[in-house]
Amino acid sequence: MAFDRLTYEKAENEIKQRRFRAENRLTERMDEINVKIPEITEIANKISQTSIELSKLIIRKESNFTESFNKIKEQNLQGQAMIKQLLVQNGYSENYLEPVYTCPSCKDKGHINGERCSCFNKLLTHFAVEKLNSEANMPECDFEHFSLDYYKGTSNPSCPDCYRKMSENLAFCKHYANNFSLKSDSLFILGQTGIGKTHISLSIAKEVSAQGYTVAYGSLLNYLRIIEKEHFGRTPNSETDTLQVLIDTDLLILDDLGSEFQTSFYESTLYNIINSRINLGLPTIISSNLSVEELQRNYNERIISRLFSVFTTLMFFGDDIRQLKRLRNEF
Ligand SMILES: Nc1ncnc2c1ncn2[C@@H]1O[C@H](COP(=O)(O)OP(=O)(O)OP(=O)(O)O)[C@@H](O)[C@H]1O
Ligand SMILES: [Mg+2]
Ligand SMILES: [Zn+2]
């Protein structure tokens, strides 16, 4: 999977930082223990001495190799057990002198047997999403600035009970964001223009990102354009594979389904994203101002059936808040 050079460097740098942090922390702890329990340092020195003997043995391949090897190994194990015992006796945890890596699988090296570790792949996706988001030109929206006042006394005949329904939608979305996990449901947010679908999606994005998840948010049309350019571009391998990044990100928010032109490439790409994420069990949030009938008319059955069966639908109601704000001179 391809990533652009800057994304790759950022991920590599983060892995390096993590390794430095783990090593520095261990050095600090060893210095501390050296002062408080010098016996441990003595034992640790002996152990490293025997390690040298061990490598000498291996090089020399003497006749009594196995016997000496086992003896040294036994001494090492005893030494390590003593260190643990002394740590516990002095009120420390027995693992106090073991390095704490962010990723124990690769010990913060980023690779295992020449293969990229999953922690490295996660970071690559994270920085690729960060770059995509920075180019997305989406407004800053949060729950704090989502007011229910706009839904009071609405003139919208389709929803006399608009305020109550939108209170429920807001409560649902706050709960969703606060309790987010990779197993969270996917959401399909429907409703007319200017009633807060994008605002609430971005509020979820903000909260979920703050919890450390990687959240890609952007207009579907913009994503499809990027993917199309990469797909038909001349140098496909030097750029980030945006399609794969959108499939892999923890949470994907596709804003404004229906604003794109209907081309077979767009439709198959959209299907690919939705279906791949369903297969991975990852949550996606999609918003649209098309009616259910329009959706059914405009999209392939394969997409529609997934949106209405796998996704939880939230119906939004209200008057166009863009207009309300203009009328009230709030911009
Ligand atoms: N409940 C709300 N409280 C405060 N501001 C809101 C609220 N809902 C929407 N807005 C603001 O109104 C404008 C329109 O909202 P938004 O972009 O979320 O609409 P939308 O439903 O996504 O519309 P469209 O279908 O046209 O994309 C934005 O500036 C948004 O910040
Ligand atoms: Mg919108
Ligand atoms: Zn790793």
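Only the coordinates and a few stated rules stand behind these numbers; no lab work does. Small disclaimer: the values here were computed from a predicted structure and weren't measured. Using ideal geometry, Cβ is built from the backbone for each residue, glycine included, and neighbour counts are taken over all protein chains shown.
Odds and ends about this structure:
- Loop trypsin sites (Lys or Arg not before Pro), the range 231-331 (other Cβ atoms within 10 Å of the site Cβ: 13 or fewer; DSSP): Arg234, Arg328
- Rounded to 10°, Cα long-axis angle of helix 197-210 versus longest principal axis of the chain: 10 degrees
- Bridge type composition, the chain - antiparallel percent by DSSP, nearest 5: 10 percent
- Leading residue at positive end of dipole, the chain (Cβ point charges), from Leu270, Ile285, Ser55: Ser55
- Asn300/Lys109 FRET efficiency (R0 30 Å; Cβ-Cβ; nearest 0.05): 0.10
- Overall, the chain carries a charge dipole of about 500 debye about its Cα centre when +1 sits on the Cβ of Lys and Arg and -1 on the Cβ of Asp and Glu, all other atoms neutral.
- When each of Lys197/Lys325; Lys109/Lys131; Lys56/Lys84 is checked by Cα-Cα distance, pairs over 21 Å: Lys109/Lys131; Lys56/Lys84
- For the range 13-88, applying the loop criterion from DSSP together with a ceiling of 14 other beta carbons within 10 Å to the trypsin sites (Lys or Arg not before Pro) yields Lys61.
- In this simple spin-label model, placing a label point 7 Å from the Cα along the Cα-to-Cβ direction at both Met315 and Ser276 gives a separation of 3.4 nm.
- Cysteines, the chain, no other Cys beta-carbon under 4.7 Å: Cys141, Cys173
- Nearest-ten-degree value, helix 5-36 long axis tilted from longest Cα axis of the chain: 40 degrees
- Fewest neighbouring Cβ atoms within 10 Å first, the residues His199, His126, His145 line up as His145, His199, His126.
- Among Val129, Val35, Val88, the order by Cβ neighbours within 10 angstrom, fewest to most, reads Val35, Val88, Val129.
- Convex hull of Cα atoms in the range 5-118, direction-averaged projection (nm²): 9.4 nm²
- From helices alone, the chain scores -19000 deg cm²/dmol at 222 nm; the rule is -39500 (n - 2.57) for each run of n ≥ 4 DSSP H residues, then divide by the residue total.
- Dimensionless Rg over Rh [the chain; C-alpha; Kirkwood]: 1.16
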